[in-house]
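See below for the structure under consideration.
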Amino acid sequence: MSTEEKVASHYTHGSLETAILQILSTSGKDIDNLRLRDLAGVDEFHLGRHAATVEFALDLDLSAGLRLADIGSGLGGPARHFADSYGCAVSGIDLTEEFVQVAKSLTALCGLADLVSFRQGSALDLPFESGSFDRTTLIHVGMNIEDKARLFAEIRRILKPGGRFGLYEIMQMREGTLPYPMPWAMEPETSFVCSSDVYRHLLEEAGFAVELERDRSALAIRLAHEARAKAAAGEGRDPGFRTVMGPRASERSSNVNMSVEAGLLAPIEMIARAV
Ligand SMILES: C[S@@+](CC[C@H](N)C(=O)[O-])C[C@H]1O[C@@H](n2cnc3c(N)ncnc32)[C@H](O)[C@@H]1O
């Protein structure tokens, strides 16, 4: 199996759409009149979840009509936010076929299919024309991709000159051994976390100027504390989180949260301009 096949298999659930619709229905949502906010908690797979997407979007200088490619779009939560809140035309691409199918289905149920589309494919061989996007985003995807030089070259290729690339990625902040399983990999074999220095260097090599860098650890730590407080009060983790994360969800979540709290990892946002 290639690394990409292993990564896609890691994220594949098998009956994710049925499970998500069941969770939504059990929590009283009207599946036939689904609103975007009904999906909160089930459609974003990154530290800080929807709150982080909202903050990240503020730095992307988005406006109606801009073409945005979300690379590694997962279940499509961030893509739908960029379209719904700013009017961007969003193209999502993801390696995991099941995520793409569920992303399409949830988007149609929310009535956003005119603005947001998804397709299966690799971030290392983007099926988009050169110079065709104003914005690109990469949210918690680089941890699964070893060849970041090729990833950034592909992203630079599809951006228009002057276009912006927003990354919100888990980066390694100091020497140390990561605990596994992590949310993105059960073992180190398909995990390629690296430092912000490496990201910055490779972005510059690929033709980007990094204009902004923010450490979003505080938000991730606050949400982890809130989740722990809920668990201690007997409320438990929400079922959406467990379903999307899959096997050993609590252990994987706890490993990444503890690594952020210990300063070993951090969710870092960077905004880079195509020069
Ligand atoms: C942790 S999830 C994040 C999903 C989404 N960006 C979000 O924030 O909700 C990582 C996603 O990256 C995708 N991915 C990993 N490697 C990829 C690659 N080489 N090409 C495209 N997608 C990839 C996975 O299939 C998965 O959907």
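The values are calculated or read from the model by the stated rules, or taken from the named source; none is laboratory data. Not measured: the values here are computed from a predicted model. When we count neighbours, we look across all protein chains shown, and the Cβ atoms used for this are built from the backbone with ideal geometry, even at glycine. The accessibility values were calculated without ligands, DNA or RNA, using every heavy atom of the protein model including side chains. Shrake-Rupley method; radii C 1.70, N 1.55, O 1.52, S 1.80 Å.
One table, with the values for the structure above:
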item: Cα gyration tensor category, rounded, prolate or oblate, for region 102-242 with a/c compared to 1.5; result: oblate
item: Linear extension gain, ALA51 paired with SER85, 0.36 nm per residue minus alpha-carbon span; result: 10.9 nm
item: Taking region 3-274 and dividing mean pair separation by its residue count, relative contact order in percent (alpha carbons under 8 Å, at least six apart); result: 21 percent
item: Pairwise FRET efficiency - GLU175 versus ILE31, Cβ, R0 = 45 Å, nearest 0.05; result: 0.40
item: Helix-only [θ]222 nm of the chain, DSSP H runs n ≥ 4, -39500 (n - 2.57) each, per residue, nearest 500; result: -12000 deg cm²/dmol
item: Candidate residues LYS160, LYS230: accessible-area rank, largest first, probe 1.4 Å; result: LYS230, LYS160
item: Potential extension, GLU146-ARG242 segment - 0.36 nm per residue separation minus Cα distance; result: 31.9 nm
item: Rounded percent of accessible protein surface that carbon and sulfur make up, the chain, 1.4 Å probe; result: 50 percent
item: Inter-label distance for GLU97 and ALA233, nm, one decimal - labels placed 7 Å from Cα along Cα-to-Cβ; result: 4.3 nm
item: Residue-by-residue Karplus 3J(HN,Hα) for region 167-181, coefficients 6.51, -1.76, 1.60, Hz, glycine and proline x; result: 10, 9, 10, 7, 10, 8, 9, 7, 4, x, 9, 7, x, 10, x
item: Within the chain, percent of DSSP bridges classed antiparallel, to nearest 5; result: 45 percent
item: Under-23-angstrom lysine pairs by C-alpha in the chain, whenever the two are 8 or more apart or on separate chains; result: 5
item: The chain: most fluctuating residue of GLY176, GLY111, GLY87 per GNM, C-alpha cutoff 10 Å; result: GLY176
item: With DNA, RNA and ligands ignored, accessible area of ARG156 (1.4 Å probe; Å², nearest 10); result: 50 Å²
item: Spin-label model distance (nm) - VAL198 vs ALA40, 7 Å beyond Cα toward Cβ; result: 3.6 nm
item: Amide proton proximity set for ASP61, modelled H, under 5 Å, gap of 5+; result: none
item: Those GluC sites (Glu not before Pro) in region 136-227 that DSSP places in a loop and that have at most 16 other beta carbons within 10 Å; result: GLU146, GLU175
item: MET258-GLU205 pseudo-label distance in nm [points 7 Å out on the Cα-to-Cβ vector]; result: 3.4 nm
item: The chain - accessible surface per residue (Å², probe 1.4 Å); result: 43 Å²
item: Net lengthening on full extension, LEU219/ALA249 (0.36 nm per residue, minus Cα-Cα); result: 8.8 nm
